[in-house]
Every structure is written in C-alpha cells, then in structure tokens.
Amino acid sequence: VQVITHSKKVKKGLMQKLFTRGIGHVTFKKVPWLVGKEIEIPEEWEVRKLDDVLELVQYGIAEPMFEKGKYPIFRMNSIQKGKVIELDMKFIDLTIEEFKKYRLEKYDLLFNRTNSYELVGKIGIFLLDDNYTFAGYLIRLRTNEKMNPIFLNNYLNTKELRYNVKRYATNAVSQTNINATNLKSIIIIVPPRQEQNKIATILSNIDSKITSQEQYKEKLEKLKKSL
C-alpha cells in the first residue's frame, strides 16, 4: 500500500512540474490565464482554446439501454481514475450506420458533461479493443495532429484544470451540466507535439507501474484470504 501511495505522489509531483516547466527549458514567459491572472510557461509553449486541438466533439447516444443487446455502451460510471473501463455495462441496439457514427476509437476521450457538481467534468481515455459506444451524458473528444491524447487526458485530469472546467458549469435541479460549446472554449497550454509525446510516455510508464503494483496487492489479498 505504501509503495502504491508513494508512486501516486511521485506522479502527482511530476505532473505539476511537467505541465508548468516542461522538459529541459531555460527560458520562460508570462501569459494571460484566468481573468486577471497570469501563468509562467516555457517560451516555446502556446496558450490555446481546447477547440484548437480537437478534430471531433460529439454528444453520445440518448436512446434506451438494456441488460442485453448488440453493442456495449459506456455511461457516467465508466470513467474511473482517468480511464474508460468496463463497469456494470448496459447494451444498445443500433443499425450499422448508427454504430459507425458512435463507435469509439482507441485514444478517444470521454467527458462526463452531466452529473453532481463533485463528479461533473470527469474525463477518461478509451484504450480498449473491440466494439463500444457511449451514452448521451458523455461527450467524445478526439484530438487532432496538434495534441497527444494521453498528454491531454492527464492534463485535463489535473486539479487546476478540473477547477477551470467547472467554472463553465451550469446548475439544474440536483445536477450540474457543462455543454460542448463551453467545453471547447476552455483555455489550455499546448507544448510542441514532440514534447507532449515525451511527457505522455513518462506518465504512461508511471501509470503502468502503479497498475502493476495494484494488481500485485490484489493478488496478495486474495492469497491471504484463501489462507
């Protein structure tokens, strides 16, 4: 448990450094950030709207779901710890043309647009194989050539960016909503693509280590229970 906790702290500290100072930079600049605020970033980095680094922004399917069916469909509860996972899956029947429109591709991001204030804005990356689609309370984001999707997923999962995203939320009865128009207008930092790739690799390696540690812990707990 201590090893896992330490690895997560290491990742959190690295993210804070990598998303503000980058890798190997010696010159920095101040740029406008939130209203009345500035941040300091490497000279080569840019500040852009999220929309500038996306090629697709799409709402999910608002149709009835069933316990059995043709295609598994991800819902709000499928976003866990920055990933899209299989959890209490429902199913939906679609025509081939409908499914082509909503089929998830590897490295798509799913954004939870409607939930309680605490949970709205959760985002996870889809890394699974096989055929899946996604429900109406989610928004699919697909990056263009300017943005590494693993970099963006980690960046949007930082505490600061989660806070920035929630600034665009609107409240309804017992629920909070962030629409696609507001989501696309969120301001983000954009390093050169090559540096994004390096940062994404560093963070992916740490995630793999944490996953391995968690699996080993689970194995030990099962062994202890059996004994």
- Message: What's the total number of residues in segment 182-210 that are basic (K, R) and under 25 Å from S7 (Cα atoms)?
- Response: 2
- Among residues of segment 21-40 being under 30 Å from E214 (Cβ atoms) and touching a residue at least 24 places away in the same chain (Cβ under 8 Å), the residue surrounded by the most Cβ atoms within 10 Å (Cβ to Cβ) is G22
- Restricting segment 174-201 to residues that are β-branched (V, I, T) and either open to solvent by less than 60 Å² (accessible area, probe 1.4 Å) or in contact with a helix residue (DSSP H, G or I) (Cβ under 6 Å, 6 or more places away or on another chain) (or both), which is farthest from I23 (Cα to Cα)? T176
- Query: Which of the residues that make up segment 97-112 are open to solvent by less than 50 Å² (accessible area, probe 1.4 Å) and in a loop (DSSP other than H, G, I, E, B)?
  - Reply: L104, D108
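The values are calculated or read from the model by the stated rules, or taken from the named source; none is laboratory data. A quick note: this is a predicted structure, and the numbers were derived from the prediction, not measured. With ideal geometry, Cβ positions are generated from the backbone for all residues, glycine too; neighbour counts draw on all protein chains shown. Areas reflect the complete protein model, heavy atoms only, side chains present, ligands, DNA and RNA absent. Shrake-Rupley method; radii C 1.70, N 1.55, O 1.52, S 1.80 Å.
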